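One structure is given below, encoded as structure tokens.
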Amino acid sequence: MKWVGDARLAAGPEAAWYLEAAFTPGAQLGAVYDNPTTPIVVTGVEEVTTIRVPSGRLVVDAPWDDDVSSYEQGLPTRPPRELAVSLPPGVYRVEIAWTAGPYEFLGEYCDGIECAATRLCVSDDPVTVWEMGLGIDDDIDRLQPDSPPQFYADANVGCFADAGAWTTLSAPFRTFKDGERVPRDTERLPGWCERVRDESHQADLVTFTADCGGVVWLGRTETGDVATIVVTSGMPGAKA
């Protein structure tokens, strides 16, 4: 049976185009700021790592927030942004789409390499519809036009993580002493990403670049199964 979703969640034409183009090497996503003759081009899609999600529940959020005093006192902090949709428990690829838009700044050449989007690949089935990824606490009836729900990240870092192991997985990012973060022992990955493993749950957390936070999109197949989860920039005015 063909999937019929809620029209209020459907990606608009510009967002749907961007979500497809961002993972198409050679696609042009726009032009360099203040230099409309220099295109921003997708240079490739890189598999960063895999992530274990044994609970089937996925957090897509910043790995920390600014509530330092609560961390230090052992008090509860805000809950993570867990997606309302669940996944089959499994191991999934995490991929980054890279773009290049060279420019000159103060007489120096810059290659303009940036992350266009990050995705968690649930399956290789084709995506036929894109929709906003709601969190478990989001109310669809309170959505504002042209203002998709998103998570916020003051440090410009987001993450995918198994929700069932969130407390352990996020602990390295939430340990403070005298108001300063304690250096964390995490696994360094390509693309400035990091991974934390929780072997007791066989679960992982993987970070990625998230400018001003991120908007989460679900790519669904014709039957409505989630084939991919994409995070795009949370900057105002972004195409998706």
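The values are calculated or read from the model by the stated rules, or taken from the named source; none is laboratory data. These numbers come from a predicted model, not from an experiment. Positions of Cβ are generated from backbone atoms using ideal geometry, with glycine treated the same way; all protein chains shown enter the neighbour counts. Heads up: the accessible areas ignore ligands, DNA and RNA and are worked out on the full protein's heavy atoms, side chains in. Shrake-Rupley method; radii C 1.70, N 1.55, O 1.52, S 1.80 Å.
Observations on the model:
- Scope the stretch 16-40; condition of a type in the set (A, V, I, L, M) and modelled with pLDDT of 95 or more; matching residues: Ala16, Leu19, Ala21, Ala22, Ala27
- For the stretch 208-220, the set of residues classified as open to solvent by 10 Å² or more (accessible area, probe 1.4 Å) and assigned to a loop (DSSP other than H, G, I, E, B) consists of Asp211, Cys212, listed by residue number.
- Strands (runs of 3 or more DSSP E) fully within the stretch 93-158 counting 3 or more residues that are open to solvent by less than 50 Å² (accessible area, probe 1.4 Å) and at pLDDT 95 or above: 114-121, 129-132
- The one condition in (1) surrounded by 14 or more Cβ atoms within 10 Å (Cβ to Cβ); (2) at pLDDT 95 or above that Trp64 fails to fulfil: (2)
- Leu205 being crowded, with 17+ Cβ neighbours inside 10 Å, farther than 21 Å from Leu19 by Cα, at pLDDT 95 or above and among the aliphatic types (A, V, I, L, M): yes
- Per-region count, the stretch 185-207, residues in contact with a Pro (Cβ under 9 Å, 6 or more places away or on another chain), outside any strand (DSSP E or B) and either of a type in the set (S, T, N, Q) or under 18 Å from Val45 (Cα atoms) (or both): 2
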